[in-house]
Amino acid sequence: MSKREMSVAGSFYPKSCEEVEGYIERFNKILSDHSIEIEPKKVKALIVPHAGYIYSGFTANMAYRSVDISDKKRVVVIGPSHRVYLEGVSVSLFEAYETPCGDVLIDKEYAKKIYDEYPFATFIKDAHAEHSTETQFPFIKHYFDGLKAVEMVYGKLDFKLLSFVVEEILKDEQNLLVISTDLSHFYTLDQAKQLDNICLNAIIKEDMDLFDKGCEACGIIGVKALVSVARKMGLKAKLLDYRTSFDVTRDDKSVVGYVSFLFE
């Protein structure tokens, strides 16, 4: 079986299953301690961050915990490439995805369908050693165990092209779409909040013009593709959590922003 092996375990998240589960337990205990109740619901798509779990894991966990998967067959994860330059989108054609708590099977038939259908789709093996997507899979194994997955990593690509893929994914009720992005990088805390607020409002209002007025996000192509399709399909965004690295480091001179949304 061809397997997409872990590449950032031990840095972005722990190598051991026990430690991964420990993180998730702590995230959920924080919710419980603050009397925050999350009732899983039928969801079409998520926006989640992809930094180290110490920084953005709580924000991502809120999204994954919010999903009722009773009507789902697969989860499709789309994230930006940080290490490998590519044009278009690379669709993983591995058969399984390794996590510390066991493998997640890849829906190779569905992945091949996307690969065959879109001329900008390719498979570049090295592009999948990518943390924007990999950081999602321990959560997927924990919350969505039994679902198959599809992983897509994009590089230089017009969001309007990616939106064709996103629309096809969202039209299938058995799919859950996960769009991976962090927000602004390395501004002061005040500057980061100002820039991130533009992104949050653009998503909430589904205002495509607003994205171009100061929103900075490494996964903005995926976010814009999702929001443009959500607007077309009548889906609404719900903000779950927003925070910055300042909440952990207390360094207000150089921060990174993180957010999670659900679409229903």
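Would you list 199, 218 from fewest to most Cβ contacts within 10 Å?
Exposure proxy ranking, most exposed first: 218, 199.
Against the set (i) 42, 21, 16; (ii) 30, 21, 17; (iii) 25, 22, 19, the structure's computed semi-axes √(5λ) of the Cα gyration tensor in Å falls on (iii). Entry note, the chain: the mean residue ellipticity at 222 nm calculated from DSSP H runs of n ≥ 4, each adding -39500 (n - 2.57), is -10500 deg cm²/dmol after division by the residues and rounding to the nearest 500. Counting charges near residue 142 (Lys, Arg +1; Asp, Glu -1) among other residues having Cβ under 12 Å from its Cβ returns a value of -1.
Of all lysines in the structure, those lying under 17 Å Cα to Cα from residue 236, and not within fewer than 8 positions of it along the same chain, are 41, 42, 44, 171, 205, 224. Residues 152, 6, 1 in ascending order of nearby Cβ atoms (within 10 Å, fewest first): 1, 6, 152. Database note for the chain: Cys without another Cys beta carbon under 4.7 angstrom, 218.
Local charge for residue 151 was computed over the other residues whose Cβ lies under 15 Å away, with Lys and Arg +1 and Asp and Glu -1, and equals +1.
Within the same chain, aspartates and glutamates fewer than 8 places from residue 72 are excluded, and of the rest, those with a Cα less than 12 Å from its Cα are 145, 172, 173.
Residue 3 sits among other residues whose Cβ lies under 10 Å from its own Cβ, and their net charge, with Lys and Arg +1 and Asp and Glu -1, is -3.
In percent, rounded to a whole number, the relative contact order of the chain is 26, using alpha-carbon pairs under 8 Å and six or more apart.
None of the figures in this text is laboratory data; all of them are computed from the coordinates on show. Treat the numbers as computed from the prediction; the structure is a model and nothing was measured. Note: ideal-geometry Cβ built from the backbone for every residue, glycine included; neighbour counts use all protein chains shown.
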